[in-house]
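Enquirer: Handing you a structure now.
Since every read-out is calculated from the coordinates, none of them should be taken as a lab result. Since this is a predicted model, take the numbers as computed values, not measurements. Positions of Cβ are backbone-derived with ideal geometry, glycine not excepted, and every protein chain shown enters the neighbour counts.
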2 protein chains.
Amino acid sequence: MNILEKIAQSKSAFSKSEKKVAEVILANPQTAIHSSIATLAKMSDVSEPTVNRFCRRLDTKGYPDFKLHLAQSLANGTPYVNRHVDEGDGPQEYTNKIFESTMASLEVARQSVDINVVNRVVDLLTQAQKISFFGLGASASVAHDALNKFFRFNVPVVYFEDILMQRMSCMNSSDGDVVVLFSHTGRTKSLVEIAQIARHNDATVVGITSAGSPLANECSYVLSLEVPEDTDMYMPMASRIAQLTLVDVLATGFTLRRGNKFRENLKRVKDTLRNSRYEKRD
Amino acid sequence: MNILEKIAQSKSAFSKSEKKVAEVILANPQTAIHSSIATLAKMSDVSEPTVNRFCRRLDTKGYPDFKLHLAQSLANGTPYVNRHVDEGDGPQEYTNKIFESTMASLEVARQSVDINVVNRVVDLLTQAQKISFFGLGASASVAHDALNKFFRFNVPVVYFEDILMQRMSCMNSSDGDVVVLFSHTGRTKSLVEIAQIARHNDATVVGITSAGSPLANECSYVLSLEVPEDTDMYMPMASRIAQLTLVDVLATGFTLRRGNKFRENLKRVKDTLRNSRYEKRD
DNA sequence: ACATTAAATGTAGTAAAATTACAACTTTCA
DNA sequence: TGAAAGTTGTAATTTTACTACATTTAATGT
């Protein structure tokens, strides 16, 4: 587990002086890994053995071992999980926190993806007669994005923002059609209804939503993404990004399945856009 | 750069004994990071100063510093550097690669963001009479998402997919209006025109695009995101996610600027959605 | 082939860093 | 208030890393 996270969490288990050490390390971890125990002790205004005890409390063998763990936590661009934005943060702080927590969420999401389902869904998509992408609210833009991606593949793909259009579209669906539904919570009533309608019309329904939700129960296949809740801002943030990344994964799987020739075709699609762009001169 | 790669590459620059050290480290790097210079010397059958010289040749300050670098390289099982999807990849591989390269891109993007501009743009947004979000193609869904976010803030916010609507909207803009334009390349002609129209009508134009592009030149403020090119798939992937994360940053800055009371208001907006959802029972 | 020089490696001593043992000081609760 | 548990610091010890220098090995020219 990420040791910075661990420090933040076990704060209550620390003694007064140990907390001082924790503060200093959390404030500038990059400095910490390049300091000796003596300098860190001085920075935290405690004695050297206190720093040592601090390290052991975190289940490391001692200071050098702790530094190693710290270095690893800082290495992989997935620094602090759960770095929530708070009131007093300036632009520098909140910007970093948002980026970092987004990355952390992606890491969690990555580990929660069921590869077998991914593979199965890619299968379905490559064989689909028609693909529909629907989502409401924040997930609408995810569906929108999926449309954009799959549109390039020259397959029949459908996306509606309007809930009634979505319903009508699903009513007209049939065997061989795939309906992909996006919803973080999986509790949006209208979307659950759409899933039901689509299934009654023999379409295959894929839900990109949270496991065990009402929507998940109505789907033929569920790609569940475990994403730390964005409780702070009352806005969906990380969940959306995880969904989009999953769309990238599906799109990538799709192109790989279609093979090399198909990818050349994609390049042509991109080239077509050239006329609508200003040339890049190097 | 990953130090293990570096060791492998600089093999020719090493002396005979140094090569022995390199071998041992490459063979079992996990052991190496937990060994002292003495044990590593014994394992490699060389003297301690040789190990030390080996470390310096790799541009580290000494053995402890080298261990730090090594630990970072080992963190997270070869982190995400240049992990491009290729032909033979199975679902497991391409899923991981996509997630990892997305995270890597976010890290790069984070470092390239100009905090001062972020702060300035948040300023503008909080004071705007009307906010418009426009983007075309892949960036359309980003604009769509921005709409969704800022709509919750109860500020006049506008988004159109249709290029003509976008133009008309910009023609009607006036002093105090802020137009935010999304484009990865910044070379889409119609979007550059929109920037010009908006500026002629005294609106403030914010570009979320690449620095130095034609679009950037037409904007009052440019939030440039440096994102590694997604050359592989001929599809915008990481750039999009970086833009979305930046939208999150702006939205967060916005709410922070508006203060605590405002955030309670956000909570109410969220609660309003409750009726359209199935209850969650724990 | 041998001498001369440069490079590489190791030995031994030194400095620095981390850890331990223990003493002094706080806090807690009867 | 005073004993016990917990916390923190001082000083000594041990471990670790580094430096200076001596020795060996390799390279080059005569």
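Enquirer: Under 5 Å between amide H atoms, partner at least 5 residues away or on a different chain: which partners does B:V158 have, H built in plane at 1.01 Å?
Expert: B:I131, B:S132, B:F133
Enquirer: Then there's this: If you take the Cα atoms of segment A:113-269, find Rg, then find the Kirkwood Rh from the mean of 1/r over all pairs, what is Rg/Rh?
Expert: 0.95
Enquirer: About the Cα centre of chain A, what is the dipole size in debye to 20, counting +1 per Lys and Arg Cβ and -1 per Asp and Glu Cβ, all else neutral? Kindly include the intermediate steps, with their values, before the conclusion.
Expert: Values: 34 positive and 32 negative charges, 168 e Å.
It comes to approximately 800 debye.
Enquirer: Still on this structure, I have one more. Which whole number gives the average count of other chain Cβ atoms within 10 Å of the Cβ atoms across peptide B:238-245?
Expert: Details: counts 2, 0, 8, 9, 3, 0, 8, 10.
For this peptide, the per-residue mean of nearby foreign Cβ atoms is 5.
Enquirer: Could you check which residue among B:S47, B:S210, B:S132 shows the biggest mean-square fluctuation in a GNM of chain B with a 10 Å Cα cutoff?
Expert: Among B:S47, B:S210, B:S132, the largest mean-square fluctuation in the Gaussian network model of chain B belongs to B:S47.
Enquirer: With charges only on Cβ, +1 for K and R and -1 for D and E, what is the dipole size of the protein assembly as shown about its Cα centre, in debye, rounded to 20? It would help to have the intermediate numbers written out before the result.
Expert: Values: 68 positive and 64 negative charges, 160 e Å.
Its charge dipole is roughly 780 debye.
Enquirer: Residues with amide H under 5 Å of B:V222's amide H, sequence separation 5 or more or different chain, H placed in the peptide plane at 1.01 Å from N; which?
Expert: Those lying under 5 Å, H to H, from B:V222 are B:G207.
Enquirer: Please build a GNM for chain A, connecting alpha carbons under 10 Å apart, and tell me which residue among A:K16, A:K130, A:K67 fluctuates the most.
Expert: It is A:K16.
Enquirer: Find every distance from the label point of B:S174 to the corresponding label point in the other copies (7 Å from Cα along Cα→Cβ) and write them in nm, one decimal, shortest first.
Expert: For B:S174, the other copies' label points sit at 5.5 nm, shortest first.
Enquirer: Compute the Cα gyration tensor for segment B:3-74, then decide on rounded, prolate or oblate, letting a ≥ b ≥ c be the square roots of its eigenvalues: rounded whenever a/c is under 1.5, prolate when a/b is larger than b/c in the other cases, and oblate in all that remain. Display every interim value, and only then the final one.
Expert: Numbers: a/c = 1.25, a/b = 1.03, b/c = 1.21.
Rounded is the answer for segment B:3-74, as its axis ratio a/c remains below 1.5.
Enquirer: Further question: According to the square roots a ≥ b ≥ c of the eigenvalues of the Cα gyration tensor, what is the shape class of chain B, taking rounded for a/c under 1.5, prolate for a/b larger than b/c otherwise, and oblate for the remainder?
Expert: Verdict is prolate for chain B.
Enquirer: Label the protein assembly as shown by shape, choosing from rounded, prolate and oblate, from the square roots a ≥ b ≥ c of the eigenvalues of the Cα gyration tensor; if a/c is under 1.5 it is rounded, and otherwise prolate applies when a/b is larger than b/c, oblate when it is not. Don't skip to the answer; put the middle values down first.
Expert: Details: a/c = 1.69, a/b = 1.53, b/c = 1.10.
Because a/c hits 1.5 or more and a/b exceeds b/c, the protein assembly as shown counts as prolate.
Enquirer: Using the 7 Å Cα-to-Cβ label point, sort the distances from A:N116 to its equivalents in the other copies shortest first and give them in nm to one decimal.
Expert: Copy-to-copy label distances at A:N116, shortest first: 5.6 nm.
Enquirer: Given label points at 7 Å from Cα along Cα→Cβ, what nm distances, shortest first, separate B:E87 from the same residue in every other copy?
Expert: Counterpart label points of B:E87 in the remaining copies fall at 6.0 nm.
Enquirer: Just checking the output field for B:102-110: average partner chain Cβ neighbours within 10 Å of each residue's Cβ? If you can, show how the numbers build up before the last one.
Expert: Numbers: counts 10, 11, 3, 2, 8, 7, 1, 1, 8.
Mean number of neighbouring Cβ atoms from other chains: 6.
Enquirer: Something else: From the helices alone, meaning DSSP H stretches of at least four residues, give me the mean residue ellipticity at 222 nm for chain B, per-run term -39500 (n - 2.57), in deg cm²/dmol to the nearest 500. Intermediate values should be presented prior to the final figure.
Expert: Details: 14 runs with 162 residues, N = 282.
Dividing the helical sum by the residues of chain B leaves -17500 deg cm²/dmol.
Enquirer: With labels modelled as points extended 7 Å from the Cα through the Cβ direction, what inter-label distance (nm, one decimal) is found for A:S10 paired with B:K189?
Expert: Result for the modelled spin labels: 6.3 nm.
Enquirer: Here is the link list: A:K61/B:K67; A:K97/B:K130; B:K16/B:K42; A:K6/A:K61. Which ones come out longer than 18 Å on Cα distance? Could you put the intermediate results ahead of the total?
Expert: On the way: A:K61/B:K67 16 Å; A:K97/B:K130 28 Å; B:K16/B:K42 16 Å; A:K6/A:K61 16 Å.
Pairs exceeding 18 Å: A:K97/B:K130.
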